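Single-structure report; data block below.
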Amino acid sequence: MKKLSILIFVLALGCGVEEVTPTTPVDDNFMTGMATKINMGVIMGVNHTVSGTATIYEQDGKYTLVLDPFQSQNGPDLKVYLSKDIGAKTFIRLGVLKSTTGKQSYALPANINLSEYPYAHIWCEAFSVEFARAMLN
């Protein structure tokens, strides 16, 4: 039991050891003023320091998730997900986290039913560790 506890502890902290996500602030060109806000949620860190806002916009029939403002603790293999459940057991991978700081946008699949995906996540795939989540209302 002690070995299992140590293994779980190491895996939970493992995503904070390597820093491979770019740290240069990004400011992508998605024009939020030209789009319609659909859903929004506050990003909260899950055992990691992450903050900001996740907003889904619609423009010309296409949906985009925008993280702005955004700030995250670094880690390896960080991805952006939308999920059907709080634990991200059923999810759509939107892409690699572009930077640990700054405005960034991620295109959503054309056929997505947004009512089925109420959570946005920052997820470390290498260690299967959640960094942050936002409930999109």
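Derivation of every value follows stated rules applied to the coordinates shown; laboratory data play no part. Values in this document were obtained by computation on a predicted structure and should not be read as measured data. With ideal geometry, Cβ positions are generated from the backbone for all residues, glycine too; neighbour counts draw on all protein chains shown.
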Once both label points are put 7 Å beyond Cα along the C-beta direction, the Asp68-Ser128 separation in nm becomes 3.6
Enumerate the aspartates and glutamates that Lys37 could reach by cross-link, defined here as Cα to Cα under 20 Å, with residues fewer than 8 away along the same chain left out. Asp27, Asp28, Glu58, Asp60, Asp68, Glu116
Quick one: which of 66-74, 27-35 comes out on top by average Cβ neighbours within 10 Å, and what's the full order, highest first? 66-74, 27-35
Between Asn47 and Asn113, what is the FRET efficiency for a Förster distance of 22 Å, r being their Cβ-Cβ separation, to the nearest 0.05? 0.15
If you place +1 on the Cβ of every Lys and Arg, -1 on the Cβ of every Asp and Glu, and leave all else neutral, what size is the dipole of region 2-135 about its Cα centre, to the nearest 20 Debye? 360
Computed [θ] at 222 nm, deg cm²/dmol, the chain (DSSP H ≥ 4; -39,500 (n - 2.57); rounded to nearest 500): -3000 deg cm²/dmol
